[in-house]
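Read through the structure below, which is laid out as structure tokens, and then see the notes.
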2 protein chains.
Amino acid sequence: MKIAVDAMGGDHAPRNPVHGAVLAASEVESEIVLVGDEPTIRRELEAHGSPAGISIVHAEQVIGMEEGMATGIRRKRQSSIHVGARLLRSGDVDGVVSAGNTGAVMAVTKVIAGTLDGVDRPALAVVLPTQTGRALVLDVGANADPKGRHLVQFGLIGDQLARQLLGIARPRVGLLSIGEEAGKGNDLVRSAHRGLSAQDIEFLGNVEARDLYQGGADVVVCDGFTGNILLKTSEAAVETLRTLMREEFARTIAGKIGGLFARGAFARLRKRVDYEEFGGALLVGVRGLTVISHGRSTPRALGNAIGLVEEYARHDLNSCVETALAGLVTVDPTETASIGVN
Amino acid sequence: MKIAVDAMGGDHAPRNPVHGAVLAASEVESEIVLVGDEPTIRRELEAHGSPAGISIVHAEQVIGMEEGMATGIRRKRQSSIHVGARLLRSGDVDGVVSAGNTGAVMAVTKVIAGTLDGVDRPALAVVLPTQTGRALVLDVGANADPKGRHLVQFGLIGDQLARQLLGIARPRVGLLSIGEEAGKGNDLVRSAHRGLSAQDIEFLGNVEARDLYQGGADVVVCDGFTGNILLKTSEAAVETLRTLMREEFARTIAGKIGGLFARGAFARLRKRVDYEEFGGALLVGVRGLTVISHGRSTPRALGNAIGLVEEYARHDLNSCVETALAGLVTVDPTETASIGVN
């Protein structure tokens with residue numbers, strides 16, 4: 001198996017992607033292909049003793065982290081993102097990891113690798129730790145203004161991903177909303193609720209963040225704006241609690257002693273909740289396998305993302321998703337009036 | 001000063017509202033008026049020794065926590081929520097606290113007390129703890145499908161509230177989005193961004209949850225769906241971290257010792273981040289002063305909500321908001337195409 005890594009993507013490229021590849025090389029079975037400026041990558045690799053199992057494919061150009069779509073996608077056809085997507089399309093690699101410009105990776109991959117049959121809009125999916133296990137959340141950022149019918153597709157896609165990736169026979173699929181009763185939420189949620197109710201999946205109806213984190217759903221469906229808010233709010237709230245905790249621990253002798261003794265517990269906890277451990281978001285609905293990591297990804301996070309791609313590549317995700325979407329039941333898309341209060 | 005408390009509102013009514021009033025009676029200067037079924041409330045009060053400073057106003061009916069708008073609002077005009085709103089309108093009380101059906105409290109208060117001049121849609125505002133202080137977030141649940149112009153009003157209202165309630169001379173107002181650059185987000189955010197940019201406020205542009213929690217904004221504006229997701233995700237993420245932490249602490253001797261020593265730190269931390277400590281959400285844009293508490297509110301949370309109302313009532317919030325909205329600058333509401341990717 002071969003996995004391409006965008007060596008030029010992310011806030012600390014090429015240093016972190018190359019270092020991530022080096023970390024992963026000793027842990028994965030796949031060959032890793034670093035895509036980007038060949039001389040620069042070679043120098044970085046040499047600093048790590050040029051380990052075995054890593055090769056380089058040259059790419060002339062780089063799309064910046066904040067570059068606009070027009071310049072980035074249309075004018076830089078030799079960017080590391082483009083070259084990686086072409087390797088994916090041609091079957092030269094089995095998957096791609098990029099910590100680059102999320103919008104550019106999504107758009108380029110969609111155009112070059114193409115969307116799966118039955119998919120209107122690709123989505124970003126993440127696996128989050130819950131109190132009892134793991135849950136899949138999609139969309140977390142690809143579609144800021146989708147229609148209800150897109151969320152219905154996300155439900156079917158999520159159902160398949162949870163079967164394949166989480167090994168759940170009949171995943172419980174929830175629709176993220178404010179208030180659990182049908183009718184609660186916004187217009188989009190009500191439209192998606194009707195559509196999801198008609199599908200052959202274990203649809204729970206509306207769920208809230210609490211249900212997600214308590215392990216009450218295996219798949220949580222939402223629009224990309226809301227999903228991104230959910231993800232970033234979780235990170236920010238946990239980070240804030242940690243900072244406040246450190247302050248409180250440092251204030252008294254007892255707290256300092258407590259902090260010392262609890263150090264092991266915190267280290268294990270960190271392994272369970274850290275974004276880094278989960279590597280990145282899976283771009284679903286496009287052909288091939290693409291994981292988009294955080295722009296601020298550490299080498300460890302990128303190494304984990306490479307491992308994630310290897311794990312995902314063992315499943316035939318694409319054809320499972322296409323089969324599921326072929327069974328989509330369409331419903332009357334009539335919108336009802338807004339009620340929208342929790 | 002007089003503060004009405006909906007004795008029939010919330011999952012544990014009348015027990016918790018009455019107990020909350022008893023707790024608050026010894027701490028606030030105001031007289032507390034319990035609104036609801038007189039004989040039941042009297043019995044509950046007697047169990048607490050019928051403390052001074054608490055009176056009862058009878059209300060025949062109760063609107064259930066999950067009751068629909070039609071039955072609840074239109075048919076139960078003698079509900080504790082209706083009676084409380086009429087006391088507010090007539091000036092018999094200076095503020096109202098209810099842990100009842102949020103939708104019903106909002107709708108009834110809007111109809112009976114009326115909206116402020118210049119306000120199209122009332123909103124729910126909460127004050128959240130940040131790493132450096134406090135920030136005001138609105139809307140957290142009143143409007144699931146607002147337009148950009150409503151978010152612009154929320155910005156002006158939030159600016160005034162932060163001046164009055166948080167004592168900030170020129171509050172920094174951010175627009176909650178995914179990605180900080182203008183243009184990032186969904187259609188609603190882009191529309192609101194244009195409108196907010198034209199106002200005479202310290203507009204930061206888009207902000208993310210991280211900025212909010214790190215103290216990078218004094219006011220964060222969003223639609224009620226997104227705000228409610230933000231609030232509930234924060235609660236759920238923190239709660240999950242706590243549960244996992246307890247598990248980790250219990251796993252080893254060192255962890256158990258650490259937990260014991262850290263107990264004081266956790267207790268202080270809890271005071272800083274607990275929902276209970278903050279009492280509830282302020283219904284802004286309607287005449288008078290109404291705080292809506294969580295349906296699951298403990299007596300302590302309800303007691304704090306009463307204290308909050310007393311504190312808020314010292315400011316002339318309503319006329320400040322009306323003056324601010326009179327200065328609203330209207331902009332061309334033309335929508336631009338969706339880009340919407342982070």
Does the range B:265-282 include one or more residues that are touching a strand residue (DSSP E or B) at 6+ places or on another chain (Cβ under 9 Å), surrounded by 23 or more Cβ atoms within 10 Å (Cβ to Cβ) and under 23 Å from B:GLY327 (Cβ atoms)? yes
Answer residue from the range A:225-236, given it is facing chain B (nearest Cβ under 8 Å) and closer than 17 Å to A:PHE154 by Cα and is surrounded by the most Cβ atoms within 10 Å (Cβ to Cβ) among those: A:PHE225
As an exercise: evaluate A:VAL97 against (1) touching a residue at least 12 places away in the same chain (Cβ under 8 Å); (2) open to solvent by 60 Å² or more (accessible area, probe 1.4 Å); (3) not aromatic (Phe, Trp, Tyr) and give the number of the one condition it does not meet. (2)
Some residue of the range A:132-151 being in contact with a Gly (Cβ under 7 Å, 6 or more places away or on another chain) and among the polar types (S, T, N, Q): yes
Looking only at the range B:140-154, filter to residues that are touching a strand residue (DSSP E or B) at 6+ places or on another chain (Cβ under 6 Å) and in a helix (DSSP H, G or I); which one of those is farthest from the other protein chains (Cβ to nearest Cβ)? B:PHE154
Look at B:THR298 and say whether it is hydroxyl-bearing (Ser, Thr, Tyr) and modelled with pLDDT under 90. no
Counted residues in the range B:207-245 being within 12 Å of A:THR240 (Cα to Cα) and touching a residue at least 60 places away in the same chain (Cβ under 8 Å) come to 5
Filter the range A:205-224 down to residues that are within 21 Å of B:ALA144 (Cα to Cα) and not hydrophobic (A, V, I, L, M, F, W, C) and give me whichever is farthest from the other protein chains (Cβ to nearest Cβ). A:GLY205
Hey, among the residues in the range A:40-94 that are surrounded by 14 or more Cβ atoms within 10 Å (Cβ to Cβ) and among the acidic types (Asp, Glu), which one's nearest to the other protein chains (Cβ to nearest Cβ)? A:GLU67
Search the range A:101-112 for residues being more than 11 Å from chain B (Cβ to nearest Cβ) and open to solvent by less than 10 Å² (accessible area, probe 1.4 Å), and hand back the single one that is nearest to A:LEU317 (Cα to Cα). A:THR109
Identify all residues within the range B:9-22 that are at pLDDT 95 or above, farther than 13 Å from B:GLY49 by Cβ and open to solvent by 60 Å² or more (accessible area, probe 1.4 Å); write none if there are none. B:ARG15
Tabulated pairs, the range A:317-342, first within 14 Å of chain B (Cβ to nearest Cβ) and at pLDDT below 90, second surrounded by fewer than 17 Cβ atoms within 10 Å (Cβ to Cβ) and not in a helix (DSSP H, G or I), C-beta under 8 angstrom, 6+ apart or interchain: A:ILE339/A:GLY183
Sole miss for A:ILE157 among (1) in a helix (DSSP H, G or I); (2) at the interface with chain B (Cβ under 8 Å from one of its Cβ atoms); (3) surrounded by 19 or more Cβ atoms within 10 Å (Cβ to Cβ) is condition (2)
Where B:ARG194 falls short, out of the listed (1) free of Cβ contacts under 8 Å to residues at least 24 places away in the same chain; (2) over 16 Å from the mean Cα position of the chain (by Cα); (3) open to solvent by 30 Å² or more (accessible area, probe 1.4 Å): (1)
Condition check for A:ILE257: farther than 30 Å from A:ALA162 by Cα, free of Cβ contacts under 8 Å to residues at least 24 places away in the same chain, surrounded by fewer than 17 Cβ atoms within 10 Å (Cβ to Cβ) and touching a Phe, Trp or Tyr at 6+ places or on another chain (Cβ under 8 Å): yes
If I filter the range B:127-139 for residues that are away from chain A (no Cβ under 14 Å), within 15 Å of B:VAL284 (Cα to Cα) and surrounded by 24 or more Cβ atoms within 10 Å (Cβ to Cβ), do I get at least one hit? yes
Report those strands (runs of 3 or more DSSP E) wholly inside the range B:1-89 carrying at least 2 residues which are more than 21 Å from the chain's Cα centre (by Cα). B:31-36, B:54-58
Mind checking whether some residue in the range B:175-191 is open to solvent by 10 Å² or more (accessible area, probe 1.4 Å), β-branched (Val, Ile, Thr) and in a helix (DSSP H, G or I)? no
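I'm checking my understanding of the structure. Among residues of the range A:303-332 that are in a helix (DSSP H, G or I) and open to solvent by 60 Å² or more (accessible area, probe 1.4 Å), which one is nearest to A:LEU282 (Cα to Cα)?
Once the filter is applied, the top-ranked residue is A:GLU311.
The values are calculated or read from the model by the stated rules, or taken from the named source; none is laboratory data. Quick caveat, the model's predicted, so the values are computed rather than measured. Neighbour counts are summed over all protein chains in view; Cβ atoms, including those assigned to glycine, are modelled from backbone coordinates with ideal geometry. In case anyone asks, the SASA skips ligands and DNA or RNA and just uses the protein heavy atoms, side chains included. Shrake-Rupley method; radii C 1.70, N 1.55, O 1.52, S 1.80 Å.
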